[in-house]
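Right, one structure below, let's go through it.
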Amino acid sequence: MIKNAQIHFNEMGTPVADDFDDVYFSNDDGLAESHYVFFTQNQIEQRLLNHDQPHFVIAETGFGTGLNFLNTWQQYDRLKQSHTLPRLHFISFEKFPISHADLSTALAAWPTLADYAQQLSQQYPMALAGCHRLEFDNGNITLDLWFGDVHDSIPSISCQSAGIIDAWFLDGFAPSKNPDMWQQSLFNAMADLSRSGATFATFTAAGFVRRGLQQAGFDCKKVKGYGRKREMVIGQLPCANSYASTPPYYQTSCASLSNVAIIGGGIASACLAYQLSKRGIKSTLFCQDDALAKGASHNRQGAVYPNLQADHTPPSELYAHSFLYAKRFYEQLHALGFEFAHQWCGVLLQAVNESKSAQQQNLVDKKKWPDALIRPLNALQASEVAGVSLPYSGLFIEQAGWVNPAQLTDAVYAAAQDSGRAKANFNTDIERLEHSPDGWLLHSQTQVFGPFSDVFVCAGEHSDRFEQTQSVALQGVRGQVSHIQAGDVSSELKTVLCHKGYFTPAQNGQHCMGATFDKDTKSREVKEQDNVTNRAQLNKFYGQTPFAQSLGEISGAKAAVRCCFADHLPMLGQVPDQQDLTRTFANLRKGKHYGFEALSEPNKGLYVVTGFGARGLCSAPLTIAHLVSSLCNEPRPLSERVHQAIHPNRFVVRDLIRNKI
Ligand code: SAM
């Protein structure tokens, strides 16, 4: 687990890191120094005005108080008044994130940045290792905050093209105070991630830093330092090298996305339309129902919380960061006036039996997660948090809660439509996909739509209905959620309870309770027997409690099919063609270091976005942001290991490596 920085403020009010005994910025006008050293010496202004891509990417070593970021954002805003600019993507690495309170105190020193500082402070994440993607200015500004040592973070970045970074702010405490950071491996990694022509600027003039950057491939020169400082170093990488962390069998190639079709009407489709619209990309959605969210996204109250294991595994990393991103996204939408019923009331995972209790104890003992994310409560504390008496201890995810999935889906899609770039065709059942020379054609029984440059199949359990998607090994699991009338005690419940199923705080006098798991049917009919099962399960764990005893009758139910894969992870990317993959990557049977053939990609431009199971509210926003970032050749928010874990080729690659196919 990473630690927050220990800091104090010196007599000038400048923050000082206790562990490094160094200031975060200069005592004499740190803002002016930041502007001169990093912004001016990288020539960011001129380059923003003359950029060759829709996004300009700056990477920084050491986020600290965020002063560099905020200054860059302010300058960007100033330029935006009179120019059309690329979107700004700022990546910053931070080993010891300063606490939220220290961030606010430190930034209070800059009244001219107050507006920006307040927005940063609102989204500033907890000290959890990995990439936190923050978005500002209606998606124009992206901040990827990679918490953890830069030496660990850079190798975990998912990257497959000839560089992703345009400019480096090589900050960090002075080399003499922080020698571990200023290593050749860092300079080499900077070169690996740089585009041709990428620049760097650093406040230090230390000879070994300049020589190290030269050795990594940068042309370096000394220039006048800020104020009384004699020198600093700047430089440029003439030509990107061929580094890629993503191997060829897990590539996600850039796409034209010039005319996009989305098949499906759930939360995934809405998030996709939203991500595309933020990049100025138009989409047309096709939904077989007469409105959005009639499939798996149609419960009244869906719990939004991360599924965490004791260890920092790829699935846990995926869900932890997905959850934090989803919550920021939903809160932003709500703040913009897109309404949906929800409550960030926490989710309490109850240790209802011995095996759950042991699992939870294991998670607590391993101490891999910050308390701000998940923390243990004994039965008494759990009861206090819940507002009703509970017989079990548990793990409390305080930031979690529930949302109304259908209203949320409408809200996300309305935000996408606000841009004028998303339109929808309802009551349109797409039955067949045709890859014509002009692009993809979508056939319903009576009409042909297209051609489209790209088609995204986000159709839940129907995603494998097309000839091209048939081999996607989807599993459908039917689930029924029952609605039960609240009683006087149960109305007091203040948090979502998870036992084997879940139980929500009352909304409009009803709780949601469920859900059943049924692998053998895809029926969406409500079954009386499933209501009985849901009630029996609640009674099994809580039958003796006053809240359960106060409950009234079951008044309704909803059933849907959750769509998932054998490894319980979603799948996002180009639809794999098993024959093509097996032929191209045949050498994987011998090992990873033998050459590969070229892919013929019969499904180029056709993607699946599915398999979210019961966790789409949590995992759809970030995984879809990751897919769209990859297709647009932008920095990706998920690490390489998570990229691979959700990649559609994973099952074929696994079987080739194991020599099973
Ligand atoms: N750029 C910051 C700003 O605008 O406020 C100031 C950065 S401060 C001088 C240096 C930062 O580098 C500290 O926050 C420190 O924790 C971070 N740092 C030091 N070593 C690091 C490492 N190995 N990986 C990532 N961050 C590191």
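Some points to look at:
- Residues located in region 614-661, provided they are outside any helix (DSSP H, G or I) and of a type in the set (Gly, Ala, Ser): ALA614, SER639
- Counted as qualifying within region 383-435 are the strands (runs of 3 or more DSSP E) with 1 or more residues that are among the charged types (D, E, K, R) and touching a strand residue (DSSP E or B) at 6+ places or on another chain (Cβ under 8 Å), namely 422-425.
- Counting only strands (runs of 3 or more DSSP E) that sit completely within region 98-207, those holding 1 or more residues that are more than 24 Å from the chain's Cα centre (by Cα) correspond to 165-170, 194-202.
- Answer residue from region 35-60, given it is among the polar types (S, T, N, Q) and out of contact with any Pro (no Cβ under 8 Å at 6 or more places or on another chain) and is farthest from the ligand (Cβ to nearest atom) among those: ASN50
- Number of the condition not met by THR521 [criteria: (1) modelled with pLDDT under 95; (2) under 29 Å from GLU398 (Cβ atoms)]: (2)
- Test for THR610: is it within 24 Å of LEU276 (Cβ to Cβ), modelled with pLDDT of 95 or more, in the same structural domain as ALA273 (by TED's automatic domain parsing) and not aromatic (Phe, Trp, Tyr): yes
- Whenever a residue of region 17-36 is on the phi > 0 side of the Ramachandran plot and of a type outside the set (Ser, Thr, Tyr), its partners that are near the ligand (Cβ under 10 Å from one of its atoms) and modelled with pLDDT of 95 or more, lying with C-beta atoms within less than 8 angstrom and at least six residues away or across chains, give the pairs ASP21/LYS177.
- Scan of region 521-549 for residues that are over 36 Å from the mean Cα position of the chain (by Cα) and buried (at least 17 other Cβ atoms within 10 Å of the Cβ), ordered by number: THR545, PHE547, ALA548
- Tally of residues being within 11 Å of the ligand (Cβ to nearest atom) and either in contact (Cβ under 8 Å) with a residue 40 or more places away in the chain or surrounded by fewer than 22 Cβ atoms within 10 Å (Cβ to Cβ) (or both) across region 65-79: 7
- Answer residue from region 140-159, given it is surrounded by fewer than 20 Cβ atoms within 10 Å (Cβ to Cβ) and of a type in the set (Asp, Glu) and is farthest from the ligand (Cβ to nearest atom) among those: ASP152
- Yes/no for TYR226 being touching a residue at least 40 places away in the same chain (Cβ under 8 Å) and under 30 Å from ARG583 (Cβ atoms): no
- The single residue among SER82, SER92, SER104 that is within 12 Å of the ligand (Cβ to nearest atom) and assigned by TED's automatic domain parsing to the domain that holds ASN140 turns out to be SER92.
- Flag: ALA32 does not match the condition of being buried (at least 23 other Cβ atoms within 10 Å of the Cβ) and either more than 8 Å from the ligand (Cβ to nearest atom) or charged (D, E, K, R) (or both).
- Counting the residues of region 503-520 that are within 17 Å of ALA486 (Cβ to Cβ) and buried (at least 23 other Cβ atoms within 10 Å of the Cβ) gives 7.
- Each residue in region 229-250 was checked for being closer than 30 Å to GLN578 by Cβ and surrounded by 18 or more Cβ atoms within 10 Å (Cβ to Cβ), and 4 pass.
- Across region 206-229, the number of residues qualifying as at pLDDT below 95 and either touching a strand residue (DSSP E or B) at 6+ places or on another chain (Cβ under 6 Å) or of a type in the set (Lys, Arg) (or both) comes to 2.
- Scoring THR469 on the criteria (1) touching a residue at least 12 places away in the same chain (Cβ under 8 Å); (2) under 30 Å from PRO546 (Cβ atoms); (3) of a type in the set (S, T, N, Q) leaves a single failure, condition (2).
- Failed item, numbered, when GLU461 is tested on (1) outside any helix (DSSP H, G or I); (2) out of contact with any Asp or Glu (no Cβ under 8 Å at 6 or more places or on another chain); (3) not β-branched (Val, Ile, Thr): (1)
The values are calculated or read from the model by the stated rules, or taken from the named source; none is laboratory data. Please read these numbers as outputs of a predicted model, since none were measured by experiment. Note that we place each Cβ from the backbone using ideal geometry, even for glycine, and neighbour counts take in every protein chain shown.
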